[in-house]
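Scroll down for the structure; my scribbles are underneath it.
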Amino acid sequence: MKLVFAASFALLVLSSLDLVDSSAYDKIVSHSRIRAKKQGPNVCALQQVMGTNKKYFSTCRNWYKGSICGKKTMVLYECCPGYMKLDGMLGCPAVAPIDHVYGTLGLVGATTTQRYADISSLRAEIEGRGSFTMFAPSNDAWDLLDASVKAKLEGSPDVELNNALHYHMINKRLVTKDLKNDLTLKSMHNSHGLRINHYSNGVVTVNCARIIHGNQVSTNGVVHIIDRVLTLVEDTIHNVLDKDEDLSSLRTVAEVSGLMDTLKKPGQYTLFAPTNTAFDKIEGDVMERLMSDTTILQALLQYHLLNSVQCSEAIMAGAVYETMEGSTIEIGCDGNSLTVNGIKMVLKKDIVTTNGVIHLIDQVLIPNAAKLVMELVSESTFKDMVSELGLAAAMQPETEYTLLAPLNGAFTEEVMSMDQRLLKIILENHILKLKVSLSELYNGQELETLGGKLLRVFIYRTAVCIENACMVRGSKEGSNGALHLMRSIIKPPESTMFDLLIADGRFKIFLSLMDTAGLIDLLKQTGAYTLFAPTDDAFEVLSEEDMALLTSDPNALRTILLYHFSKGVFINGGLEGGVTNLLKTIQGNNLQLLSVNNSIHVNSIDVPDNDIMASNGVVHVVKTLLYPGDLPVGRQDLYLLLQKLIKYIQIKFVSGFTYHEIPLTFLTRTITKTTTTTRIVETAPEITKVTRVITKTETDPTTVVTRVIESGEPTITKVTRVIEGEPTFTKVTRVLEGEPTITKVTRVVEGEPTITKVTRVVEGEPTITKVTRVVEAEAPLTTVTRVITGESEPTVTRVVVEGEPTITKVTRVVEGDPSLTKVTRVIETHTSSDGELDTDGEIRRIIEEEVSKVKKVLESEVHILQEEEIKRIIEGGGPGLTTVTKVIRPEPQIIEGPDFSRITSFQGNSDLIEAESEKITKIIQEGGPTRLQAKRAPVKQAGIRRRNRLVRRHPKRTQ
């Protein structure tokens, strides 16, 4: 019953507190009242630091630890503020009598302040009309005041002492809930400021003096007892650095860094100020490096600054605070001393300024941002190995890099017994070439190492991993890089999953099934996958008939195999411990993963080998085939087969169930693209003379076509080569420019393209060219005769064609001094659908053979060869000559080629060029070759059925 009553009473008190606008101080006092409830009404429990007079209304943390600032405490029970004891009664049942401020000073035991009010003429003021708040120093606080200061005050009671007491007073009533944090109040002494700080642990300070007994209400105000005498504050932090010669080194740092002006601006700062002696402890080269970099100096000074006022009396236990540099420091206490990052270094505390507070320290705090990366590495095996293997030379102060430092436990005996050269290669892959902070890492990112490897980054819910190794807390950033601590040695991948499984040798059956299912490319292609690969042991119970059955249904086989794959790389370190991690497979159902004691269980099956890294994912080894527990089987024979393979679950049988086809959109298809290369060579213009002579003897049916070229270097040569394409239209344009004629031929070919293979080897700039063409074909041959008559313009009179050539091979050899050009072209052509040769097309191909791939612009003068020259060309050829020979067996039909006698010079005549272009376009659109084919008629000869060929004849040009 007593417990119920106590609980109800506590709830009632706490509920009433929520209804009022209470402060942190008020809440701490209320908690103290609850802790002392057994002592009677209105009693508060306080903690007093043993060996001192310091007493606190403490927090729960300090109360249950039984210590403050690391020092043991004892519990005191006193009347809560505003209450008094009565003789013979438990607790503090009486409310203290209310009086004016002067009388209240006597009630709360501040008798020294009351006495000073008497001798300074302040008594009449604080007994009279008004509303005052007085921060009255306790008797102990006056005793702690420097004797010379006290003597000065007492020697001038009407001025100095009166001013000092007025500096402790505000001209209005303010209880603790009105004293907000960072509040500045105007005192009654020339309106000089008083800084109020109200902390979350219930401590309230006035210029860093702690209120030890607050809210003593009087008729004309309120009295708060404080633990020290307030001194007048007029200087900024900037002024203090300027005046104190023991802080000259810090002043220099502030000036060089450009932050000196910040220290004189209004604000709420805490500065841990290193003395000159502290700076003298820094080695000369380190200090020189710090002073040479403004950015580092700014980080150094900002690391000593907090953007809040932290008075020493508010520090009751260690707490972490963010500095203006961005990182954190821990401020604590050890008895009466302050500690920074666990070290006693505060020489003097609570130097109050108008814009904050200063604590003098005997060490310089160097933030990580001002340190070299190697200085961030604590004494460790990794640091020792980097030094011993000569890798420290690559990490100079001016070089940016990132260390991926494995913990000491990662350097096992196996690792340490490796060959030194191999160990050096391993450690090189733990040093990145760039500075990469933790916040800059993202999933799928690739990081280049000093050893030239690319490491992948994987981001998980509770971990950040690089390849197979995950980070631990404690990443740091230095001035020239970053440090990340790794749980294990990083193992960069060396091959794809396919190559890895092949080399391992335990996965022959799995690889065979993947190949049968058409999924083998999944193991080879680039990407990021997780594979649970079953070993051959998983299939040892299957006979050949069973294997045939397993592969008989492609959809079933793919369903089973793809259940072993998941998109994304999931390693053991990335799994959240203690819970089931669901992993969606490519098949569609989920795998259930559990990380236990540095190992993985998948669907309750143990994974003996995990985190085998591949360039396209990670492989985990299983010894059992995996199957979705919620996916039924619809065939009895397959159901019995899977029961033999899979023992860890009970597979469901649903008659008639069929596996759906899984779209293979995740497989990468290779697409061949058309590549076009254009080469343009421009040289100084040269005169080129071209002469063509076509002759035929009566005894020899061979047609000899001779082209004589006397030239220098061509003016413009443009070569276009198209490799592996599937065009539907081919357009070739040839333009010959010369004097007196210009020839422009346009050819459009529709239909299936031919395959052209071109090999060119060009060295130097040939001066002499010899071209030989040999046409090899099956028995039916084609004879072409070209005759040029006339003295000035050539005319082709007839072409004889017979046979059905199938493959034409043309070899062109260009020999020059000092270079050699060799051109090989293989051209495949096809006959028409009725077996006949496409005669007109073949004629055009022969006549315009040079048009297919090369466009040349030649400026020349026509030169008619003399009989001696012709004879010399026919009999022996010679330098500077081109001979083309085509041999075709007879039974000719005569077809006259186009009349070249109408060729007219287009040079300089744009209208004529446009008109002729329109004519050529019209001929092409009307389908000239089609009309020629329509005129063909069959011809019968010696039992051979042929089509008659109609010959178009052109009138001979008159001389």
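Numerical summary
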read-out: Of all residues in the stretch 616-647 being among the polar types (S, T, N, Q) and over 20 Å from Lys508 (Cα atoms), the one that is least open to solvent (accessible area, probe 1.4 Å); value: Gln643
read-out: Residue under evaluation Lys177, criteria (1) open to solvent by 30 Å² or more (accessible area, probe 1.4 Å); (2) assigned to a helix (DSSP H, G or I); (3) closer than 30 Å to Asn276 by Cβ, criterion not met; value: (3)
read-out: Residues within the stretch 140-168 that are within 60 Å of the chain's Cα centre (by Cα) and not in a helix (DSSP H, G or I), tallied; value: 1
read-out: All strands (runs of 3 or more DSSP E) inside the stretch 321-432 with 1 or more residues being touching a helix residue (DSSP H, G or I) at 6+ places or on another chain (Cβ under 7 Å) and within 30 Å of Leu247 (Cβ to Cβ); value: 337-340, 346-353, 356-361
read-out: Subset of the stretch 273-290 that is assigned to a helix (DSSP H, G or I) and of a type in the set (A, V, I, L, M) - its residue that is nearest to the chain's Cα centre (by Cα); value: Leu290
read-out: Boolean, Val364 is over 26 Å from Asn53 (Cα atoms), open to solvent by 60 Å² or more (accessible area, probe 1.4 Å) and at pLDDT 90 or above; value: no
read-out: Subset of the stretch 556-572 that is of a type in the set (S, T, N, Q) and in contact with a strand residue (DSSP E or B) (Cβ under 9 Å, 6 or more places away or on another chain) - its residue that is farthest from Met514 (Cα to Cα); value: Asn572
read-out: Strands (runs of 3 or more DSSP E) wholly inside the stretch 446-519 containing at least 1 residues that are free of Cβ contacts under 8 Å to residues at least 24 places away in the same chain; value: 446-448, 454-459
read-out: Every residue from the stretch 212-226 that is out of contact with any Leu (no Cβ under 8 Å at 6 or more places or on another chain) and either open to solvent by 30 Å² or more (accessible area, probe 1.4 Å) or part of a strand (DSSP E or B) (or both); value: Ile212, His213, Gly214, Asn215, Val217, Ser218, Thr219, Gly221, His224, Ile225, Ile226
read-out: Unique match (being open to solvent by less than 60 Å² (accessible area, probe 1.4 Å), touching a His at 6+ places or on another chain (Cβ under 7 Å) and not β-branched (Val, Ile, Thr)) among Leu338, Leu372; value: Leu338
read-out: Exclusive hit being closer than 25 Å to Thr585 by Cβ and either within 21 Å of the chain's Cα centre (by Cα) or open to solvent by less than 40 Å² (accessible area, probe 1.4 Å) (or both), set Leu523, Leu441, Leu450; value: Leu523
read-out: Residue within the stretch 421-432 that is in contact with a Ser or Thr (Cβ under 7 Å, 6 or more places away or on another chain), open to solvent by 90 Å² or more (accessible area, probe 1.4 Å) and more than 14 Å from Ala469 (Cβ to Cβ) present; value: no
read-out: The lone exception for Asp246 - which of (1) part of a helix (DSSP H, G or I); (2) touching a residue at least 24 places away in the same chain (Cβ under 8 Å); (3) farther than 30 Å from Leu144 by Cβ; (4) not β-branched (Val, Ile, Thr) it fails; value: (3)
read-out: Selected residue (only one of Ala556, Ala538, Ala533 is surrounded by 15 or more Cβ atoms within 10 Å (Cβ to Cβ) and in a strand (DSSP E or B)); value: Ala533
read-out: Hey, His238 closer than 22 Å to His192 by Cα, at pLDDT 95 or above and in a helix (DSSP H, G or I) or not; value: yes
read-out: In the stretch 292-320, residue surrounded by the fewest Cβ atoms within 10 Å (Cβ to Cβ) [restricted to those that are part of a loop (DSSP other than H, G, I, E, B) and of a type in the set (S, T, N, Q)]; value: Ser292
read-out: Flag for Thr184 being of a type in the set (S, T, N, Q), under 30 Å from Thr270 (Cβ atoms) and free of Cβ contacts under 8 Å to residues at least 24 places away in the same chain; value: yes
read-out: Residue identified as more than 18 Å from Gly214 (Cβ to Cβ), out of contact with any Cys (no Cβ under 8 Å at 6 or more places or on another chain) and in contact (Cβ under 8 Å) with a residue 60 or more places away in the chain among Gly82, Gly128; value: Gly128
read-out: Restricting the stretch 51-109 to residues that are in a helix (DSSP H, G or I) and among the aromatic types (Phe, Trp, Tyr), the residue that is modelled with the highest pLDDT; value: Tyr102
read-out: Conditions (1) surrounded by 20 or more Cβ atoms within 10 Å (Cβ to Cβ); (2) without any contact (Cβ under 8 Å) to a residue 60 or more places away in the chain; number of the one not met by Ala110; value: (2)
read-out: Residue tally, condition open to solvent by less than 60 Å² (accessible area, probe 1.4 Å), in contact (Cβ under 8 Å) with a residue 60 or more places away in the chain and closer than 18 Å to Arg228 by Cβ, over the stretch 131-156; value: 9
read-out: Pairs with Cβ under 6 Å, 6+ apart, first in the stretch 615-639 and on the phi < 0 side of the Ramachandran plot, second among the small types (Gly, Ala, Ser) and outside any helix (DSSP H, G or I); value: Asn616/Gly527; Val619/Ala533; Val621/Ala533; Gly634/Gly656
read-out: Residue identified as part of a helix (DSSP H, G or I) and under 38 Å from the mean Cα position of the chain (by Cα) among Thr262, Thr270; value: Thr262
read-out: Where Gln650 falls short, out of the listed (1) open to solvent by 10 Å² or more (accessible area, probe 1.4 Å); (2) closer than 17 Å to Leu531 by Cβ; value: (2)
read-out: Test result for Ile586, touching a helix residue (DSSP H, G or I) at 6+ places or on another chain (Cβ under 6 Å), open to solvent by less than 60 Å² (accessible area, probe 1.4 Å) and either closer than 19 Å to Leu519 by Cβ or assigned to a strand (DSSP E or B) (or both); value: yes
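Listed here are the residues, each with its yes/no results for (1) open to solvent by 70 Å² or more (accessible area, probe 1.4 Å); (2) closer than 30 Å to Cys470 by Cα; (3) hydroxyl-bearing (Ser, Thr, Tyr).
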{"position": "Pro492", "(1), (2), (3)": "no, yes, no"}
{"position": "Met497", "(1), (2), (3)": "no, yes, no"}
{"position": "Ala503", "(1), (2), (3)": "yes, yes, no"}
{"position": "Lys508", "(1), (2), (3)": "yes, no, no"}
{"position": "Ser512", "(1), (2), (3)": "no, no, yes"}
{"position": "Leu519", "(1), (2), (3)": "no, no, no"}
{"position": "Gly527", "(1), (2), (3)": "no, yes, no"}
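The rows are residues; the columns are (1) at pLDDT below 95; (2) closer than 20 Å to Asn468 by Cβ; (3) touching a strand residue (DSSP E or B) at 6+ places or on another chain (Cβ under 6 Å).
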residue	(1), (2), (3)
Val579	yes, no, no
Val596	yes, yes, no
Asp606	yes, yes, no
Ala614	no, yes, no
Gly617	no, yes, yes
Val621	no, yes, yes
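The values are calculated or read from the model by the stated rules, or taken from the named source; none is laboratory data. Model, not experiment: these values are computed from the prediction. Cβ sites come from the backbone with ideal geometry, for glycine too, and all protein chains shown count toward neighbours. When the accessible area is computed, the model is the full protein with side chains, heavy atoms only, and any ligands, DNA or RNA have been set aside. Shrake-Rupley method; radii C 1.70, N 1.55, O 1.52, S 1.80 Å.
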